[in-house]
Each structure stands twice: as C-alpha cells, then as structure tokens.
Amino acid sequence: MNDNEILFEYLLRLGDNCAILGQRLAEWCGKAPVLEEELALMNVGLDLVGQARLLLDYAGKVEGAGRDEDQLAFFRDTQEWRNFLLIEQPNGDFAKTMARQMIFDCFQYLQFEALTASKDKTLSEIAAKSLKEITYHRRHSSNWVIRLGDGTDESHAKMQAAIDELWGFIPEMFDMDAVEDAMVAAGIGTDVSVLRARWDDMINSILTEATLQRPEDTWSVRGSREGKHSEHLGFLLAEMQFLPRAYPDAKW
Amino acid sequence: MPENSTESELPLYEVFIRSKNGLHHKHAGSLHAPDAEMALTNARDVYTRRSEGVSIWVVKATDVVASSPEDKGNFYEPNDDKLYRHPTFYNIPDEVGHM
C-alpha cells in the first residue's frame, strides 16, 4: 500500500465506527424507554453521523477515486467496512446499548484526544471538534452504566449480563497492525495499544462505582480489519443502504 | 424502586436555563430523571440542543414551594391600587441597558 492508501484505510477505520454506531442508535428512534432518553440517544447518534461524514468525506478525497461520503457510506458491502465488531452488535435491551456505548465512548475519547495532536491537520481538526461531543457521550453512557449497575436487582443483572456479553469484543479495539504502525510512524495516527492502560482505569472505576464485576478475559473475537464481520452488519447495511441503492442519486 | 406504578416513575425535575444573552435563569420546562446529575444531562439534551443556553439549573419539582391559587386575594390584590410602588414615571436612558 502507498501512503495515500494507508491513510484511506485508517480513515475508514475511524469513520466506519462512527457511521455504524450512529445507525445503531437511530434504531432506537420512537422506541426509547422515556422521551428524555430518546432525545439523548438521537443527539449522540447524530453527533456520530456528523463525525462519520467528516471522516468519510476526507477519506474519499484522500482516495482520489471520486467517491464522496455518501458513496462510501451507501455503496460499500459488508467486507469493505472497517468498524469494530463491537460497534455492529445489535442494540439488545437498553442496558446492552449503554454498555456498548460506554465501552466505545471511553475508547474513542482516548483515541481522538491523541489524534488532536496528529500531524495531519484535517484529521487533528476533526478530532478536536469531535472530542467535545465524545466527552459528553462518555458522561452520558457511564452515568447510565453506573445507575443501572448500582440500581435495582433487575437493572444490575441486566447491566452485568450486557458487560459480560460484550467483553470479548474489546481486545480487537487495541490491536496494532501494519496500517496502524505506519500511521504512528508518520505522526498521523495514535498507538492504540498504549491507550489500553488508561482505558482500563476508566472502565474499572466505572464498574466499581456501578458495583459491577469486571469479567475475566476468557474469549475474544477479531476480524473487522480484514472485513470479517459478524452476521449482524449485513442486516444493518441492508436497512441503511436500501434507499440510495434502490434509487441512486435520489434527492429529498 | 417501589412496586407502585406512580411511585416507580422517575422523579420530576423543573429545568431553568440561562440563555446566552439572558441575565438570569428562566423556567424552560420539566423532565423526568433518575437523579439530579442525570436531570442535568437530560436537560442539556431536551432544552439546549439548539444552543439555547449557557447554564442550567435543575430542581426537584417536589422541592419547589408554590403559592396556592386560594391565596390570590390576600397575596396580590392589595397591591393593585398602590400605583406609587411602580417606578413607571421615570424615563430610563438607553445607556442604562437592562434593569
């Protein structure tokens, strides 16, 4: 891969997480447990879609093949997506949605905080803009994890089950590979493997306050870097991409 | 949480927002939240998503002490005929700004 191809791949990894999680949160529209939370979920989701737009728009320009943000979002198949497996996991109940969100918010906060120092000016500006949003997302999701964990017996059990169910998707987020290494060497990307210690501190303090048990690291799954996704992503893309594929260039 | 359905609803909070150019907090509405911290974040999402505010207060609705409608007569009506209490006879120069 040449430099541009590596940067393109790297931007897809960043942008695809935002796009898919934004879509997942949008699935709560009209179904959230209370009105207040409906608005919160949509706010967070739209923030993520906004971040995805900036990152995919930039990725399209770096690629130089004439693809814009919409073409990257709506005309790529499952194997071409680079979002973490964690991100595409179904919403489940509200506890699972919040557990997934908290796990990712803490990660994205650390990642984008580091990216504000990127030598790539466009990327550092996108990171700085997004970081304010992510700071709020993290507060919102960790608040819920703490309150449901340290809530009733039922909410505690549901939140613990959600954390347990998602725990094996975490190691993938901190993997380094040739693309990540090259981006770190170029001063553009950040070494996610060194973020793990701070992420652990954050998560441990949230889990402790929530009276939740940190699961044992007994299993893990990987594959998003090679486009090997869980079966859930295809269904998500089918819904998200239907309209632009059925009516290309539709305007509304 | 209590089994009783009305009691198991999340408590109600009254929300007060100070807008960018506003001088004081104004009542914006109310919302349900599990506690004060979540009421603040909910208020941010419900009432300030179009940049309406720079500061938020939330108060548990049960902590608001309100005058009752029956007090209307003895509370307010005696003031109606005391015009001299209103400083309406002065011209305020523009430079003074908000008063």
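Results for (1) more than 9 Å from chain B (Cβ to nearest Cβ); (2) buried (at least 18 other Cβ atoms within 10 Å of the Cβ); (3) touching a strand residue (DSSP E or B) at 6+ places or on another chain (Cβ under 9 Å), shown as yes or no for each residue.
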| position | (1), (2), (3) |
| --- | --- |
| A:E37 | no, yes, no |
| A:A52 | yes, yes, no |
| A:L55 | yes, yes, no |
| A:A59 | yes, yes, no |
| A:Q71 | yes, no, no |
Can you give me the number of residues within region A:132-155 that are part of a helix (DSSP H, G or I) and more than 10 Å from every other protein chain (Cβ to nearest Cβ)?
-> 11
Being closer than 18 Å to B:R44 by Cβ and buried (at least 16 other Cβ atoms within 10 Å of the Cβ) is the filter here, so list the residues in region A:103-138 that pass it.
-> A:D105, A:Y109, A:S130, A:L131, A:E133, A:I134, A:Y136, A:H137, A:R138
Checked region B:23-74 for anything within 14 Å of chain A (Cβ to nearest Cβ), acidic (D, E) and either touching a His at 6+ places or on another chain (Cβ under 6 Å) or closer than 14 Å to B:P11 by Cβ (or both); matches are B:D35, B:E37
Sort through A:R13, A:R100 and tell me the only one that's in contact with a Leu (Cβ under 8 Å, 6 or more places away or on another chain) and within 22 Å of A:V192 (Cβ to Cβ).
-> A:R100
Among A:D200, A:D153, A:D217, the single one that is in contact (Cβ under 8 Å) with a residue 24 or more places away in the chain and surrounded by fewer than 17 Cβ atoms within 10 Å (Cβ to Cβ) is A:D217
What are the residues in region A:156-169 that are buried (at least 21 other Cβ atoms within 10 Å of the Cβ) and closer than 21 Å to A:D16 by Cα, if any?
-> A:F169
Within the bounds of region A:156-176, is there any residue that is free of Cβ contacts under 8 Å to residues at least 24 places away in the same chain, part of a helix (DSSP H, G or I) and more than 15 Å from A:M98 (Cα to Cα)?
-> no
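Read the figures in this text as sums done on the coordinates, not as results from a lab. Here the structure is a predicted model, which means the values were calculated and not measured. Virtual Cβ from ideal backbone geometry, glycine too; neighbours counted across all protein chains shown.
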